[in-house]
1. Considering only the range 399-418, how many residues are closer than 21 Å to Lys456 by Cβ and over 23 Å from the mean Cα position of the chain (by Cα)?
2. Any idea which of Tyr494, Tyr469 is under 31 Å from the mean Cα position of the chain (by Cα), surrounded by 15 or more Cβ atoms within 10 Å (Cβ to Cβ) and within 19 Å of Met377 (Cα to Cα)?
3. Of the residues Glu61, Glu116, Glu12, Glu48, only one is assigned by TED's automatic domain parsing to the domain that holds Gly191 and over 20 Å from Ile341 (Cα atoms); which?
4. Consider Asp330 against the criteria (1) acidic (Asp, Glu); (2) exposed (fewer than 15 other Cβ atoms within 10 Å of the Cβ); (3) in a loop (DSSP other than H, G, I, E, B): it satisfies all of them except one. Which criterion is unmet?
5. Any residue in the range 493-507 that's closer than 27 Å to Asn518 by Cβ: show its pairings with residues that are acidic (Asp, Glu) at Cβ separation under 6 Å, as long as the two are six or more apart or on different chains.
6. Scan the range 167-195 for residues that are touching a residue at least 24 places away in the same chain (Cβ under 8 Å), outside any helix (DSSP H, G or I) and aliphatic (A, V, I, L, M) and report the count.
7. Go through the range 128-170 and report how many residues are buried (at least 17 other Cβ atoms within 10 Å of the Cβ), more than 30 Å from Glu48 (Cα to Cα) and of a type in the set (D, E, K, R).
8. In the range 32-91, what residues are under 23 Å from Leu244 (Cβ atoms) and small (Gly, Ala, Ser)?
Amino acid sequence: MPTIEINKKDFEKLIKRRFNMEKLSSIMNYVKGELEFENKKEDNLKLELKDVNRPDLWSVEGVVRELKHRLGIKKGLIKYSVQKPEKNHLIKVSPKVRKVRPVSVGAIVRNLKLNEEALKQLIQLQEKLCINFGLKRKEAALGVYDFDKIKWPINYTTFRDNEIKFVPLGFSYKMSPSEIIEKHEKGMEYGKLVEGKDYPILIDSEKNVLSMPPIINSDYSGKVTKETRNVFVEVSGFDLRFVLPVLNIFICALIERGGEVEQVLSTGPKRIATPNLESKEILININEINKILGISLTEKEIFNLLEKSGFDYIKDKNGILIKYPCYRYDILDSRDVIEDIAISYGFNNFKPEKFKESTFGCNSKFTEFKYKVKEMMIGLESQEIATFVLTEKDKLFKTMRLKNLDVIEIANPVSLNYSCLRNWLLPSLMEFLGKNKDVEYPQKIFEIGECIEVEKDSFKNLSKLAYVYSGKDVNFTIIKQQLDYLLRNLKINYKTKKLEHASFISGRCGEVIIKKENREISIGFLGEIHPAILEKFNLIMPTVAFEINLNKLV
């Protein structure tokens, strides 16, 4: 769970109220937070947030903003004022960055009042957003710059290693991009994100380097201090659906520090002025609220609770049209709004009821069967792994040298890495091996996991077992012996039949067939992985594998 550090005096200054520790701990329930402190006189506190879906709360500014509503200090929706971009306040995105890191957006915030604690909070929020929401800077990386040192417009382009040098933040001498990756702490940590490519560089109109996204700012303009009053905030990445939330959440935090916002125009790949801090809308039904919460709230009570949640509302013939703030990226459905109503109502105000029915659960026979299979695979001295059901279509087919098949695809995926449901396990295991290629060999891994196969107009949820063995002397005979061990102990007779499968070496792949209800059925395959696939995952050891459908064994 996200844990943030806050300073009690800074918190009280922002919220314009004073609290003893008992009261402070109590009101943190409104943000699903739990305070950690060694003694009641301590000012520096840790707040563990029990909700991972609220990145807007990952700093004291967001917590204060939320509590102002819950405590009735503020009511209704915050309406942000954003100035339109000046003509030369733009980021010129070069076509060169399309294959490297294609998106860069920004905002200008003026008249900030910063102190040491404010700087700590903004750095904390920056890190939390980049690591947790931005997936360790891969999908989104945020930089903050001294606006007054920048000569506009800004160019976002690429340079070869021998074409540019600049002084990175924290250093006193110029370095090339490759030197930064080799010697700078952040370069060593995040250099793999730009490995093997031209280097993305943010540079102003007088050739002053601002940063090398997503690695490090320059020492020239990337140093923000207590004296800094005006800042430029930039977020780079691959997809606006990651980049824009990071920008908006950070800018809204700066507004809590007295900042005044001005838009910046970005010219590519889509021409866009940011930030857009307009509210969003969702329709809910009064009857649905009371039905889900199990209470009987009047319209007036609901409207009051909506205001305490930081929402505006318009009564509509179809229900209530809710206007909610731009930083609330967790609101996807009417139930998310209803949860906020419940929080404002107070969970302690709900009366507990006894269960009308009391039942005891137990594992199904199929679950017990999977446990048995798991124990046997561990008996092969193999390591169990668990990978995501959501994956990328290219990983399922193109990477494995297969033609595309129908799979369940996500309509609006946040990332292409999680854009469809897998129909087999082997690609995930191969990817795992690729990420652990430097670990001692031989490597034996397996997974028992859910797969979804499309059949005409329907689909089937299946439990499959995949096993991969990578080592110096592995071959078809060895993988067949491993499968023999498993099926013999399960008392299942089987045979193998020659199979041509593009993921395996020709002539070294077999189909696994069992007899069930007087007919032969195929339950999977086994064989030696094709060298072309090993090369794609940077594997140098021979690798064998099998994958079977466990549903067909029971």
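The values are calculated or read from the model by the stated rules, or taken from the named source; none is laboratory data. This one's a predicted model, so the numbers in the text were calculated from it and none came from an experiment. Note that each Cβ is placed from the backbone with ideal geometry, even for glycine, and that neighbours are counted across all protein chains shown.
1. Kept after step one, since they are closer than 21 Å to Lys456 by Cβ, are these residues of the range 399-418: 402-411.
Now restrict to residues that are over 23 Å from the mean Cα position of the chain (by Cα): 402-406.
The number of residues fulfilling the criteria is 5.
2. Result of the check over Tyr494, Tyr469: Tyr469.
3. Step by step, each of Glu61, Glu116, Glu12, Glu48 is checked, and only Glu116 is assigned by TED's automatic domain parsing to the domain that holds Gly191 and over 20 Å from Ile341 (Cα atoms).
4. Answer for Asp330: the failing condition is (2).
5. Pairs found: Lys497/Glu511; Leu499/Glu511.
6. The initial filter retains those residues of the range 167-195 that are touching a residue at least 24 places away in the same chain (Cβ under 8 Å), namely 167-172, 177, 180-181, 184, 186-187, 190-191, 193-194.
After this cut, where a residue has to be outside any helix (DSSP H, G or I) as well, the list is 167-172, 184.
Narrowing the set further to residues that are aliphatic (A, V, I, L, M) leaves 167, 169.
Total meeting the criteria: 2.
7. 2
8. Passing the criteria: Ser59, Gly62, Ser81.
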